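What follows is a set of notes on a single structure, which appears directly below.
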Amino acid sequence: MEEKQTSESLNEFIEASKLEFINFDIIKEKIQSFKQKDSFKGLKEYFYSIWSSSALLKNSFIQTEPQLREYCPIDTNQVIKTYNYIKEECTKESSDGVLFGLSSLLEKYSGKAHTMTDGDMNVLMIIAMNPILMDPTNGLLLMPQISQIITALQQDKLDTFLKYLVAPRCVEQLVNKTETDRIYKLPPHITPEEFTRIVNYFQQFITVRTLTKHQEINLNKDESIIAGTKCLNLLYKINEKYKLVPYTEFYNDEINEQLEIKEDYPCWKAKEFSFCSYPFILNPLTKSDILKVESMVSMRHELQDAFFSAMFSGITSPYLVLEVRRDHLIRDVLYGLEDQSPHDLKKQLRVQFIGEEGIDEGGVQKEFFQLCIKELFDPMYGMFKFNDESNLCWFTNDPAKDNTMFLEYKLIGRLIGVAIYNSVILDLHFPLALYKKLRGIKVDLEDIKELDPMLYVGLRKTLTDENVESYEQSFQIQIDNNYGGSVTVDLKPNGENIKLKKENREEFVDLYVDYLLNSSISKQFNAFKEGFDSVVEGSAIEIFRPEELEQLVCGSQDIDIDVLESVTLYDGFTKESECVKNFWSIVHEFDEIQKKRLLFFTTGTDRVPLGGTSKMQFIIARNGPDSDRLPSAHTCFSVLLLNDYATREKLKERLLTALKNADCGFFLG
């Protein structure tokens with residue numbers, strides 16, 4: 001019996017070795033022949049012989065549609081269909097022949113990635129399309145080999161493989177373009193769902209490897225995790241170009257959970273492998289912790305320097321101490337920060353209001369930032385203009401030309417940097433464009449969409465309207481100034497005499513956007529950036545995306561009332577107090593604007609810190625018995641003061657009145 005089984009296996013192995021190529025029909029026919037015999041003996045060897053042969057796979061699953069073959073020579077849909085058919089129709093023992101064949105083939109490629117040919121890229125694509133890679137057990141067998149081969153490819157072969165990986169899978173994808181495709185003029189590509197599946201191969205591999213090995217290995221030294229991370233980096237770069245999935249899809253929860261920052265950060269500084277070099281995998285909270293570790297390292301050095309300095313030249317403070325007058329706040333802060341070194345600006349801030357008693361344990365510091373931001377962003381200063389539709393602000397394009405104004409732009413940049421290192425959330429409402437510019441990322445028309453939605457619609461129409469010449473528009477535009485009038489601006493020399501036409505409308509829109517976001521505010525922004533960089537330059541701030549930098553500065557907009565209720569502390573009340581129960585039942589009925597108003601009223605900002613609502617400090621204090629007084633707050637300490645109102649109706653009326661009449665800043669009005 002064993003001799004007969006061995007003979008059958010040998011015959012199937014020999015038969016497979018005679019094939020010149022395979023496709024779905026060949027595999028289906030073979031499987032059906034085995035099913036008719038009611039036996040799968042020998043099929044495992046047949047599969048092994050096929051999937052362990054690079055020569056055979058190089059010529060297999062060839063794309064027959066000429067339009068698609070231009071992007072990838074492999075019919076990936078047919079490959080996936082074949083893998084799925086094997087899984088559905090065959091026993092696990094038989095289908096294991098595919099797994100073991102691929103493992104054997106990858107072993108042959110190991111160490112030889114630098115010699116791989118275009119034909120081998122076909123093979124790599126066939127391997128990469130196998131759904132078995134999502135299997136936690138079998139994926140661990142293949143993924144380390146695949147990852148290490150991909151990261152060892154020569155650049156030209158890597159480019160070829162990545163081109164195949166994002167190639168369109170069907171003719172419809174050649175013609176059905178999304179709005180994003182049209183805006184960024186992207187070539188045809190796979191769908192977001194198909195791309196997500198590929199990303200998940202590597203995400204799951206890194207996650208499972210980390211879960212099963214984290215007690216045995218150092219994440220920074222494990223070759224498989226390193227290779228998987230580098231592959232994920234290639235996909236991240238593709239996603240930055242094609243914008244297929246949200247960037248948050250690249251965060252890996254397990255890495256963020258297990259990462260030892262105190263080990264990873266020194267590796268980054270030593271130019272060794274570090275997840276700081278692949279920051280797409282880290283979430284904003286982890287990055288914020290990295291900043292804190294960096295700050296601690298800097299502070300430790302500062303304290304050591306202060307100790308040795310004290311021995312020879314007197315004591316230096318380990319804190320950044322500012323003494324300011326309330327009625328001359330901006331002037332005092334300008335002088336107080338002007339001559340500070342980057343090291344000093346990263347120190348923990350201590351604020352003393354002259355003539356006032358009190359130790360700064362965080363509350364004074366928070367009030368200081370609130371007062372500075374409120375004064376500097378006051379429309380009377382004329383430094384920023386506000387868009388009523390978006391509730392966002394931008395640099396004025398015609399500020400006062402005196403040097404003090406630019407010093408104040410520099411001051412705002414510095415204050416933001418100092419706030420970052422003191423974990424203070426600021427009530428700023430800039431568009432994402434500001435944070436992109438701070439990170440050196442080009443801004444474009446899509447950034448106008450957030451700042452000025454009405455203008456965006458008009459400019460987008462200019463790019464698509466067939467009757468654009470009927471606008472009778474030249475390359476000269478009118479821009480509102482800060483004084484209720486407008487100024488005339490030529491977008492290019494002699495702009496008044498250059499008429500807008502279909503042939504030059506893209507140039508018109510590009511110049512318009514560049515004027516608004518760059519050239520007209522270059523001096524203002526450069527002063528702002530100089531101040532910001534004077535604090536953060538050379539720091540871990542570079543690992544933040546613009547969106548994450550915005551969260552770091554301003555916090556998150558996602559307010560979870562259930563979580564807020566669970567973390568709230570009470571002074572004079574308990575969570576069982578009738579007034580407290582009434583309060584939360586009212587707040588749970590709030591719409592988003594009312595939630596933001598409550599948050600601003602109590603804390604001085606309508607955002608929650610990195611890490612979410614659970615990271616907030618929120619205190620409800622009893623402010624006496626039942627009364628007609630309105631609720632009040634100590635925003636410096638995030639304390640909401642409530643009288644013990646007798647009824648729910650009275651509490652609701654008093655609370656809504658307080659929120660309606662309170663100064664909720666320029667942005668909640």
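Data overview
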{"read-out": "Members of the stretch 509-524 that are assigned to a helix (DSSP H, G or I) and of a type outside the set (A, V, I, L, M, F, W, C)", "value": "D510, Y512, D514, Y515, S519, S520, S522, K523, Q524"}
{"read-out": "Some residue of the stretch 412-431 being over 30 Å from R325 (Cβ atoms), touching a strand residue (DSSP E or B) at 6+ places or on another chain (Cβ under 8 Å), surrounded by 21 or more Cβ atoms within 10 Å (Cβ to Cβ) and in contact (Cβ under 8 Å) with a residue 24 or more places away in the chain", "value": "yes"}
{"read-out": "Filter result (part of a helix (DSSP H, G or I), more than 34 Å from the chain's Cα centre (by Cα) and touching a residue at least 12 places away in the same chain (Cβ under 8 Å)) within the stretch 107-127", "value": "E107, K108, Y109, D118, G119, D120"}
{"read-out": "Positions within the stretch 452-478 being closer than 24 Å to G382 by Cα, exposed (fewer than 15 other Cβ atoms within 10 Å of the Cβ) and in contact (Cβ under 8 Å) with a residue 12 or more places away in the chain, in sequence order", "value": "P453, M454"}
{"read-out": "Segments classed as helices (runs of 4 or more DSSP H), wholly inside the stretch 267-371, with at least 1 members that are among the polar types (S, T, N, Q) and at pLDDT below 75", "value": "284-313"}
{"read-out": "Looking only at the stretch 637-653, and only at residues there that are touching a Lys or Arg at 6+ places or on another chain (Cβ under 9 Å) and buried (at least 19 other Cβ atoms within 10 Å of the Cβ), the one that is farthest from T603 (Cα to Cα)", "value": "Y645"}
{"read-out": "Matching residues in the stretch 349-389 - criterion: being surrounded by fewer than 17 Cβ atoms within 10 Å (Cβ to Cβ), farther than 21 Å from L428 by Cα and either touching a residue at least 24 places away in the same chain (Cβ under 8 Å) or not hydrophobic (A, V, I, L, M, F, W, C) (or both)", "value": "Q352, I354, G355, E356, E357, G358, E361"}
{"read-out": "Residues (of a type outside the set (A, V, I, L, M, F, W, C) and either exposed (fewer than 13 other Cβ atoms within 10 Å of the Cβ) or modelled with pLDDT of 95 or more (or both)) located in the stretch 224-239", "value": "G228, T229, K230, N233, Y236, K237, N239"}
{"read-out": "Residues of the stretch 55-77 that turn out to be touching a Lys or Arg at 6+ places or on another chain (Cβ under 8 Å) and over 16 Å from F161 (Cα atoms), as a count", "value": "1"}
{"read-out": "Selected residue (only one of E29, E65 is out of contact with any helix residue (DSSP H, G or I) (no Cβ under 8 Å at 6 or more places or on another chain), in contact (Cβ under 8 Å) with a residue 60 or more places away in the chain and among the acidic types (D, E))", "value": "E65"}
{"read-out": "The listed residue being among the small types (G, A, S) and touching a Lys or Arg at 6+ places or on another chain (Cβ under 8 Å), out of G624, G612, G604", "value": "G604"}
{"read-out": "Enumeration of residues in the stretch 550-566 that are of a type in the set (A, V, I, L, M, F, W, C) and over 12 Å from L426 (Cα atoms)", "value": "I559, I561, V563, L564"}
{"read-out": "Odd one out for K221, checked against (1) closer than 20 Å to Q148 by Cβ; (2) outside any loop (DSSP other than H, G, I, E, B); (3) not polar (S, T, N, Q)", "value": "(2)"}
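This table checks each residue for (1) in a helix (DSSP H, G or I); (2) of a type in the set (S, T, N, Q); (3) at pLDDT 95 or above; (4) over 30 Å from the mean Cα position of the chain (by Cα).
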residue	(1), (2), (3), (4)
F583	yes, no, yes, yes
I593	yes, no, no, no
S614	yes, yes, no, no
A621	no, no, yes, yes
L641	no, no, yes, yes
Y645	no, no, yes, yes
E649	yes, no, yes, yes
E653	yes, no, yes, yes
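Condition check ((1) under 14 Å from A658 (Cα atoms); (2) buried (at least 16 other Cβ atoms within 10 Å of the Cβ); (3) in contact with a His (Cβ under 9 Å, 6 or more places away or on another chain)) across all residues:
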residue	(1), (2), (3)
H588	no, no, no
K596	yes, yes, no
N623	no, yes, no
R629	yes, no, no
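The values are calculated or read from the model by the stated rules, or taken from the named source; none is laboratory data. In this text the structure is predicted, and so the values were computed from the model without any measurement. Cβ atoms come from the backbone with ideal geometry, glycine included; neighbour counts cover every protein chain shown.
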